[in-house]
Amino acid sequence: MLRGVAAGMKYLSDMGYVHGDLAACNVLVNSNLVCKVSDFKLSRPMDDGPDAVYATTGKIQDIMSLIFTQTNNVHLNEQGGKLPVRWTAPEAIQHRKFTSASDAWSYGIVMWEVMSYGERPYWDMANQDVIKAIEEGYRLPAPMDCPPGLHQLMLDCWQKDRAERPKFDQIVNVLDKMIRNPNSLKTPVGICMRPISPLLDPSTPDFTTFHSVEDWLEAIKMERYKENFTVAGYSSLDSVARMTAEDVMSLGITLVGHQRKIVCSIQCMRARMMHLHNAGIQV
């Protein structure tokens, strides 16, 4: 399915078009799981050139006002179309600059939707919190049981610098290689051979030095939630590494910033454990 969507977007890009509204809800799927990209109301032809771009007009104050007063997905562009915040690249929201690279960002979100079996991106976070979190470096954690290779491809699509994001022909090639060699799904290395992103905090702690959940919480300065984890039955680092964002939210942690920090640390812990396991080291 992911390969079919990527191939459709490659065709659009090769034809010189930006989709502008790529999301799982805009992909048609038949009984054979053949995917067709649809809903082209925001699509526009690009100017010629390697940095081809189109921009919407209108007052940025009006756009930001809509974003910051709604908890749903959208604000309006000049044509009255919906611009989906949770699927839209940051430069497209801030500067209304749409390119194939902004479509690549959206494709990464579609990947996450597919691998999470239809979860809502960023869950119940308000639009303004989503925008702020992305600016701070937050990226969606890997869905449960998502192969590291696929999550790394998502992270590649979510590079802040649009020039660092993969082209759709590269995405198709990577997915083809994964299909031919499923073992490559276990390797968390992206197109640009970058290591796994540390997400919020670039100074990611060394999880191999922790002996307990308490040690880990103290290292990320979230020790106030020791009792929350204990009462919920998360008594080992192995059980914590299997937690989803919904699991964290169910602990009664009400501060969104703390939720994000804990979820990001869990994602990094899980990725580190996978890396050590693949290297033949017992965790």
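Computed from the coordinates by the stated procedures, all read-outs in this text should not be read as laboratory data. Since this is a predicted model, take the numbers as computed values, not measurements. With ideal geometry, Cβ positions are generated from the backbone for all residues, glycine too; neighbour counts draw on all protein chains shown.
Listed cross-link partners 132/221; 10/167; 132/226 are compared with a 18 Å cut-off, the Cα-Cα value being larger for 132/221; 132/226.
For residue 97, the amide hydrogen comes within under 5 Å of the amide hydrogens of 92, counting only partners 5 or more places away or on other chains and with H modelled in the peptide plane.
Estimated at 0.36 nm per residue, the fully extended path between residue 164 and residue 247 surpasses their Cα-Cα distance by 26.6 nm. Between 251, 232, 266, the Cα set farthest toward the positive side of the dipole of the stretch 207-278 (charges on each charged residue's Cβ, about the Cα centre) is that of 266.
Each peptide in 102-111, 254-263 receives the mean, over its residues, of other Cβ atoms within 10 Å, and ordering these scores from highest gives 102-111, 254-263.
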